[in-house]
Each structure stands twice: as structure tokens, then as C-alpha cells.
Ligand code: 1GP
């Protein structure tokens, strides 16, 4: 299995201290102005784009991804909340297994339907242990996954879960607060996973300030994903501040 995009992400993370990823949800983003926004992200030092969402209702995800791909030199990686979010324009896709929960279909079920499609389209799958973390209010991701999140005050459960996923060969350990989370993933949990595992840790959900971002990189995150805050404020100065917080070197 080729790991071109995965290696590229890891290379950026090791060179800059961590990689800054912007999540674009086709339901929330307008295609008008997308190329300009993408250029601003590139200028600010964003390392890649994730495309997707828990509940994407837009029927033109393929057109959206094509426009994004045509507008950027950065990797475009699918972050699918559902089977209909696989586009032939993706460079790679997070092949997500929701290991925090015990919903069999999300652990290993839908994967069976989509594997032949991913292969046929020639998209690089990145096996990803996806861990939903309790974050205050119930998030869309938690509700739609029909699975309990990891309790936020139990870093040891997160560490054991991540270790089990790593032992099964997953390449990224994604701790997810959920889009628009009240409280982002706690730093104590990131530290526990970082001390237990060697695979890169991805953090996302509810990150709105450079301080929150830097704390999570210092705790051990290799990839930081921000969606809502960039949708709300995609200007170059905010993007640059967030990028500077992600990049420790
Ligand atoms: C990516 O779900 C997050 O992991 C995105 O969350 O929209 O709150 O940044 P935000």
C-alpha cells in the first residue's frame, strides 16, 4: 500500500513541530471565494486540507472537491462522515474506525462497502483510529456514530484505546472533540496517549484560539485540525496566528 500523502503529512509535522490542517465542510463553505480562501491558507502555512463532515447534505461534494483540488497544491484528504463523501478528486482518505465506541458498523462495517470504491478510484487510504472524546454538549459526530465517547477525565482509557488501535496497525490516532465542541480534547489525555503510543496524534474539535492550539501541540499532537474557527474567520492574519501556534519550529 502506497503511503505518499501520509508520509508527506508526517514530514511536515516533523519539520514544523506539527502540521496545520484546515477542515472544509462542503455544507458550510461557499464555492464562491473558495480559491481565494485556499490561497490564504497556503500563504499562512497550512499543510493540508481535510474535506467532509459528520452530516454533509450537499449533493455536490464531488464538484466541491474538484474545485478545491484545482485551487491548491496542498494534499486534499477526505474526512468522511458517511459513505457518500468519497470523491474521485481526493488524494487520500482517512479510513476511519471509530474505536472509542462499540458500534460494530463504525468499527468495521461500512469499510467493507467503501474499500473497493477507494481502490478503484486510486485514493490512498490512511487507516485512522478515530476516538470521540466527551466535550460538554453531545456533538453531531457522537450522536450520528451512535457510540459513547471516551470520558474526558479518563486519559488512561484513551491511552489504552489508542495503544490497541496502534497494535492493530492504524497509522493515525485521532482524538476528536467534535465539530464546534464546547471544550476541546484535554491536554492530559493527549499527553497520556503520547506517552503510551508512537503513532502521530491528530487533534480536532472546538479549537478556536492560538493558545488552545499551542497547548495541544506541546502535549503531543502532531496534526491539528481546525474547521469552524476558520469558517468564521478565514482572514490571513487569523490563519497566520493559528499556523504560528501549530508550528513550533
Ligand atoms: C475536526 O471536527 C473537527 O476534527 C473540526 O472541529 O469545526 O470545531 O474546528 P471544529
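We did not get these values from a lab; they are worked out from the coordinates using the rules stated. Not measured: the values here are computed from a predicted model. Here the Cβ is made from the backbone with ideal geometry for all residues, glycine too, and neighbour counts use every protein chain on show.
Listed values, structure above:
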{"item": "Residues 126, 201 arranged by fewest to most Cβ contacts within 10 Å", "result": "126, 201"}
{"item": "Prolate/oblate/rounded label for the chain (Cα gyration tensor, a/c 1.5)", "result": "rounded"}
{"item": "Modelled FRET efficiency - R0 22 Å, residue 233 with residue 11, Cβ distances, 0.05 increments", "result": "0.20"}
{"item": "Bridge type composition, segment 4-246 - antiparallel percent by DSSP, nearest 5", "result": "0"}
{"item": "Extension gain (nm, one decimal) between residue 4 and residue 168, 0.36 nm per residue minus Cα-Cα", "result": "57.0 nm"}
{"item": "Cα gyration tensor category, rounded, prolate or oblate, for segment 127-249 with a/c compared to 1.5", "result": "oblate"}
{"item": "Least to most buried among 3, 152 (fewest other Cβ within 10 Å first)", "result": "3, 152"}
{"item": "Spacing of the two label points (7 Å from each Cα toward its C-beta) at residue 154 and residue 70, in nm", "result": "4.9"}
{"item": "CD proxy at 222 nm, helix term only [per DSSP H run n ≥ 4: -39500 (n - 2.57); per residue of the chain; nearest 500]", "result": "-12500 deg cm²/dmol"}
{"item": "Where labels lie 7 Å past Cα in the beta-carbon direction, separation of residue 143 and residue 105 in nm", "result": "1.7"}
{"item": "Burial ordering of 174, 6, 113, 143, fewest other beta-carbon atoms within 10 Å first", "result": "113, 143, 6, 174"}
{"item": "Anisotropy class of segment 9-57 from Cα gyration tensor, a/c 1.5 cut", "result": "oblate"}
{"item": "Whole-angstrom gap from segment 84-106 to segment 167-216, using each part's C-alpha centre", "result": "18"}
{"item": "In nm, spacing of pseudo-spin labels at residue 183 and residue 195 (7 Å Cα→C-beta vector)", "result": "2.0"}
